[in-house]
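To start, the structure under review is shown below, and the notes come after it.
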Amino acid sequence: MKANMSETTTLDAPIRAAASDGLRGAIAFEWTKLWTVRSTWWSLAVAVLVSAGSSTALGMSAAASGKNGIEVTESAPHVAVYAITLAQLAILVLATLTITSEYATGSIRTTLQSVPVRGRMLAGKVVVVTGVAFVAGVLLATLGTVVAAPVMGDHGEFTIVEASRTAVGVGTYLALLACFTIGVGTILRSAAGTVTAVILLLVAFPQIMGLFGVDWLRDTGRYLPNVAGTVLMTHNTDPYGVGTALTVLGAWATFAVAGGYVTLRARDA
C-alpha cells in the first residue's frame, strides 16, 4: 500500500507541474513521460548498435578498398555520417511514438487534461524530443567516428575540428528530423502512417524524382530533407552550403509542426 501511494505521488508531481508551471511544467511533464517508457530506451539502444555496426562495416570496406589500390577519400567522420542513414530510423521511431502512442492508447486525454493549452503541450514535446535527438546525434556521430577510425587506419584520418563539426551537424539534423516527425505524427495520429510518410520523403521520393530526368524535378529534389541533411552533416557545398541546408530543414520542420498544431486545435482528442 505504501509503495502504491509513493508511486502515485511520483507520477502526480509532473502532472501538477504541467498544470501550473506553463511551458516549463509541460517540458518537465514530457521529459518524465519520455524516460518512463521502454520504447525510448529500445530506440536509443538500436540507434547505438546500428551506428556502431554500420560504421565498423563501412570502415572495414574502405580499408579493404584502400589496400586494393582504390583511392579512399572519405574520412572516419564521414563514414559515421553514412551509418546515420540507418541509425536515423530509430530516432524517427522514437519521435513518432512520442505523439502517436498517446493516440493509440488514449492517454492523449490525460496529457491534454494535464496541459490543456494544446500549443503548449505540442511545444513541450518538440523541445524535449528535439533536445534528446540532438544529444543522441552528437553521441552517435562521435561513436561512429571512434569505431571507424581504427579499422580504416591511415585512410580514415581526420582532425578534431572535422569530427566536432560533423557531430554537431548530425545532432542538428536529427533534431530537426525529430521535430518534423512530431509534426507529421500530430497530423496523422498513426505510428505506421507517420513512419511510412517520413521514410517515403527521406528515401523513396529522392529516387523517384531522379528517375524522370526532368530538370525541374531534379532541382526540386535538392530541397528535400535528405539532401539538406547530407550537406549539414558533411559540410559539403554541393548543391548548396550549410546555411541553406539549415534553412531548408528548418522550413520542413516548421511547416510540419504548424500543420500539427492546426490539426491539434481542429480535432477532438
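The values are calculated or read from the model by the stated rules, or taken from the named source; none is laboratory data. Keep in mind it's a predicted model, so treat the numbers as computed, not measured. Glycine gets a Cβ as well: all are built from the backbone with ideal geometry, and neighbour counts include every protein chain shown. Surface accessibility is based on the protein's heavy atoms, side chains included, excluding ligands, DNA and RNA. Shrake-Rupley method; radii C 1.70, N 1.55, O 1.52, S 1.80 Å.
Consider ARG38 carefully, then state whether it is at pLDDT below 90 and open to solvent by 50 Å² or more (accessible area, probe 1.4 Å). Walk me through it before giving the result.
Details: at pLDDT below 90: no; open to solvent by 50 Å² or more (accessible area, probe 1.4 Å): yes.
The answer is no for ARG38.
Tally up the residues in region 178-197 that are within 28 Å of VAL138 (Cβ to Cβ), open to solvent by 30 Å² or more (accessible area, probe 1.4 Å) and among the small types (Gly, Ala, Ser), please.
2
Please determine, by comparing only the residues of region 145-195 that are in a helix (DSSP H, G or I) and of a type in the set (Phe, Trp, Tyr), which one is farthest from PRO77 (Cα to Cα).
PHE180
Conditions first: (1) over 21 Å from ILE199 (Cα atoms); (2) buried (at least 17 other Cβ atoms within 10 Å of the Cβ). VAL126 passes all but one, so which condition is the exception?
It is condition (1) that VAL126 fails.
When you look at ALA104, is it open to solvent by less than 60 Å² (accessible area, probe 1.4 Å), among the small types (Gly, Ala, Ser) and touching a residue at least 40 places away in the same chain (Cβ under 8 Å), yes or no? Show your work before the answer.
Values: open to solvent by less than 60 Å² (accessible area, probe 1.4 Å): no; among the small types (Gly, Ala, Ser): yes; touching a residue at least 40 places away in the same chain (Cβ under 8 Å): yes.
The answer is no for ALA104.
VAL262 versus (1) open to solvent by less than 80 Å² (accessible area, probe 1.4 Å); (2) modelled with pLDDT of 95 or more: which is the lone unmet condition?
It fails just one condition, (1).
Could you list, in sequence order, all residues of region 19-35 that are out of contact with any Lys or Arg (no Cβ under 6 Å at 6 or more places or on another chain), assigned to a helix (DSSP H, G or I) and open to solvent by 40 Å² or more (accessible area, probe 1.4 Å)?
Scanning region 19-35 gives ALA19, SER20, ARG24, ILE27, ALA28, TRP31, THR32, LYS33, TRP35.
Would you confirm whether any residue within region 156-172 is at pLDDT 95 or above, open to solvent by 10 Å² or more (accessible area, probe 1.4 Å) and closer than 30 Å to TYR103 by Cα?
Taking every residue of region 156-172 in turn, at least one turns out to be at pLDDT 95 or above, open to solvent by 10 Å² or more (accessible area, probe 1.4 Å) and closer than 30 Å to TYR103 by Cα.
Taking the condition of being over 30 Å from ILE108 (Cα atoms) and in contact (Cβ under 8 Å) with a residue 60 or more places away in the chain, how many residues in region 155-197 meet it? Steps first, answer last, please.
As a first pass, look at region 155-197 and keep what is over 30 Å from ILE108 (Cα atoms): 155-170.
This time we only want the ones that are in contact (Cβ under 8 Å) with a residue 60 or more places away in the chain, so: 155-158, 162-163, 165-167, 169-170.
The qualifying residues number 11.
Of all residues in region 198-213, how many are within 18 Å of the chain's Cα centre (by Cα), open to solvent by 40 Å² or more (accessible area, probe 1.4 Å) and free of Cβ contacts under 8 Å to residues at least 40 places away in the same chain?
Residues flagged as within 18 Å of the chain's Cα centre (by Cα), open to solvent by 40 Å² or more (accessible area, probe 1.4 Å) and free of Cβ contacts under 8 Å to residues at least 40 places away in the same chain within region 198-213 amount to 2.
Only one of TRP216, TRP252 is out of contact with any strand residue (DSSP E or B) (no Cβ under 9 Å at 6 or more places or on another chain), of a type in the set (A, V, I, L, M, F, W, C), in contact (Cβ under 8 Å) with a residue 60 or more places away in the chain and open to solvent by 50 Å² or more (accessible area, probe 1.4 Å). Can you tell me which? Spell out the reasoning first.
Details: TRP216 fails: in contact (Cβ under 8 Å) with a residue 60 or more places away in the chain.
None of the others qualify; the one that does is TRP252.
Just give me the residues in region 70-101 being free of Cβ contacts under 8 Å to residues at least 40 places away in the same chain and in contact with an Asp or Glu (Cβ under 9 Å, 6 or more places away or on another chain), in sequence order.
Passing the criteria: only TYR82.
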